[in-house]
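S.K.: Could you have a look at this structure, given as structure tokens, before my questions?
What follows draws every value from the coordinates through simple rules; no lab data is involved. If you're wondering where the values come from, they're calculated on a predicted model, not measured in any experiment. Reconstructed Cβ throughout: ideal geometry from the backbone, glycine too, with neighbour counts over all protein chains shown.
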Amino acid sequence: MIAAKTYHKCQSVEEAIALALKHGEDFRYMAGGTDVIINKFQGNDETNCLIDISAIPELKQVSNDWNVLRIGSLVKLDDLKKHKTIADHFPALLEAAHSVASPMIRKTATIGGNILCENRCIFYNQSEWWREAVGYCLKCEGDVCIATGGKKNCFSKFVSDTAPVLICLDAQIEVFDTDGVKLIKLEDIYTGDGVNPRQLNPKAIVTAILLPLDKDYRCVFKKLRPRESVDYTSLTTAVSIDKKGRIKIALGGVDPGPVVAEGIGMSAIDSLILQVFKKARVIDNDFYTRPYRKEMIKVFLQRSFAELGNTNKQFDN
Ligand SMILES: Cc1cc2nc3c(=O)[nH]c(=O)nc-3n(C[C@H](O)[C@H](O)[C@H](O)COP(=O)(O)OP(=O)(O)OC[C@H]3O[C@@H](n4cnc5c(N)ncnc54)[C@H](O)[C@@H]3O)c2cc1C
Ligand code: SF4
């Protein structure tokens with residue numbers, strides 16, 4: 001059931017933040033709504049007020065300023081391809097955006113909503129009656145993780161497909177917070193905690209994503225999922241190399257946050273792969289098994305570096 005007692009459609013960021021301040025913690029911003037509405041429908045989001053920011057015009061622009069590409073947070077995933085600068089400089093971002101959900105959803109879903117979408121788990125993203133029958137877990141007011149049996153940590157998966165690529169492209173986000181505008185490195189907003197996966201002020205609005213245009217990145221994106229459409233990720237990998245030989249790897253789908261490693265030069269590749277392989281806290285909360293997803297991290301990364309033209313050798317774990 002969609003439970004929101006009040007709904008407001010805002011015309012400006014200031015208006016949205018003023019409304020958020022009025023509602024304390026009991027509200028949710030909505031951009032495309034493709035994540036929020038599902039979570040409400042399944043009873044995983046019980047906030048009573050929806051603040052719809054989808055009509056704010058200045059968040060829909062894409063512009064270039066001083067070698068920085070500024071993508072408004074409300075730009076639809078399907079519209080990214082219409083911008084030549086994105087297609088010319090960041091084809092892997094288009095590939096990642098194109099991998100999200102289905103054609104219909106991508107016409108509504110925004111890039112801002114994608115980097116902020118809620119973590120997922122096969123034991124949590126179920127109907128209210130299903131979760132009640134099984135017994136609630138740490139992410140929904142229960143006292144045990146159904147997947148691991150542990151009582152401390154939730155390992156719900158970080159599932160944004162654009163975020164790993166954006167992290168590899170050194171994205172920063174522009175945040176309109178209650179105390180002013182800030183620029184934050186994208187990877188720094190994620191906590192790695194499955195219950196509270198982000199450390200942004202819930203009242204803050206992400207206004208844009210900023211990408212440097214002068215680093216000549218080459219970037220490869222890969223995604224593992226049962227079907228080529230609609231399914232969420234079971235593993236997302238992105239790797240990049242910039243014109244100075246700096247290498248960056250970011251994984252999604254295998255940990256409560258993005259798993260990131262970076263280093264300089266080809267000689268760093270083996271140890272970077274090993275780092276992310278060890279860091280990823282993969283558990284059995286997906287359609288694919290833990291050992292398979294873990295193994296696929298190495299397979300995807302080896303293939304990605306081979307595609308970048310740097311190596312195609314085998315790695316020991
Ligand atoms: C069937 C299905 C399949 C899907 N498959 C995928 C997939 O393969 N990969 C994937 O990454 N996602 C997937 N999604 C999830 C979702 O559709 C996308 O992540 C989408 O990009 C979310 O964008 P949105 O604009 O709809 O976000 P919303 O649902 O509007 O918002 C998502 C979250 O971000 C917050 N938010 C949104 N915009 C802002 C902002 N500017 N400032 C502050 N907070 C904000 C909202 O409060 C909410 O918490 C799928 C969804 C469905 C229903
Ligand atoms: S990882 Fe465990 S605690 Fe977290 S959502 Fe899944 S079952 Fe619940």
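S.K.: If the chain between V134 and W66 were fully stretched, how many nm would it gain, using 0.36 nm times the residue separation less the Cα-Cα distance?
M.R.: My answer for the length gained is 19.1 nm.
S.K.: Related question: With a 10 Å Cβ neighbour count serving as the proxy for reagent exposure, in which order, fewest first, do R225, R131, R281 appear?
M.R.: Ranking R225, R131, R281 by Cβ neighbours within 10 Å, fewest first, gives R281, R225, R131.
S.K.: With the crude spin-label approximation of a point 7 Å out along Cα→Cβ, what separation in nm comes out for N201 versus I105?
M.R.: Inter-label distance under the simple model: 3.1 nm.
S.K.: OK, next. Please give the direction-averaged projected area of the C-alpha convex hull for the chain, in square nanometres with one decimal.
M.R.: Hull-based average projected area comes out at 15.9 nm².
S.K.: Another question, then. Take the residue pairs K152/K243; K40/K278; K139/K278; K182/K279; K22/K76; K84/K294 and return only those whose Cα atoms are more than 32 Å apart. Don't skip to the answer; put the middle values down first.
M.R.: Numbers: K152/K243 43 Å; K40/K278 35 Å; K139/K278 24 Å; K182/K279 29 Å; K22/K76 28 Å; K84/K294 36 Å.
Beyond 32 Å between Cα atoms: K152/K243; K40/K278; K84/K294.
S.K.: Please identify the trypsin sites (Lys or Arg not before Pro) of region 1-73 that satisfy two criteria: DSSP loop assignment and at most 16 other Cβ atoms within 10 Å. Which are they?
M.R.: When the trypsin sites (Lys or Arg not before Pro) of region 1-73 are filtered for loop state and at most 16 Cβ neighbours within 10 Å, K5 remain.
S.K.: Here is a further query. If I build a Gaussian network model for the chain, linking alpha-carbon pairs within less than 10 angstrom, which residue out of A163, A96, A20 has the largest mean-square fluctuation?
M.R.: Taking springs between Cα atoms under 10 Å, the residue moving most is A20.
S.K.: Another question, if that's okay. Quick check for you: which residues of region 192-229 have the amide N under 18 Å from the point 7 Å beyond the Cα of E14 toward its beta carbon?
M.R.: So the set is 204-207.
S.K.: Right, another one. Would you mind getting the Kirkwood hydrodynamic radius of region 1-55 from its Cα pairs, rounded to one decimal in Å?
M.R.: One decimal place: 11.1 Å for the Kirkwood radius.
S.K.: Same structure, new question: Using a Förster radius of 41 Å, what is the FRET efficiency between T178 and A306 based on their Cβ-Cβ separation? Nearest 0.05, please.
M.R.: For R0 = 41 Å, the calculated efficiency reads 0.30.
S.K.: Identify which of A147, A31, A92 has the largest mean-square fluctuation in a Gaussian network model of the chain, with springs joining Cα atoms closer than 10 Å.
M.R.: Highest fluctuation among the options: A147.
S.K.: How much length, in nm to one decimal, is gained on full extension between N48 and K84, taken as 0.36 nm per residue of separation minus their Cα-Cα distance?
M.R.: 8.9 nm
S.K.: Another one. If contacts are Cα pairs under 8 angstrom and at least 6 residues apart, what is the relative contact order of the chain in percent?
M.R.: 15
S.K.: Have a look at Y217, Y232, Y136 and tell me which one the Gaussian network model of the chain (Cα, springs below 10 Å) gives the largest fluctuation.
M.R.: Looking only at Y217, Y232, Y136, the biggest GNM fluctuation is shown by Y136.
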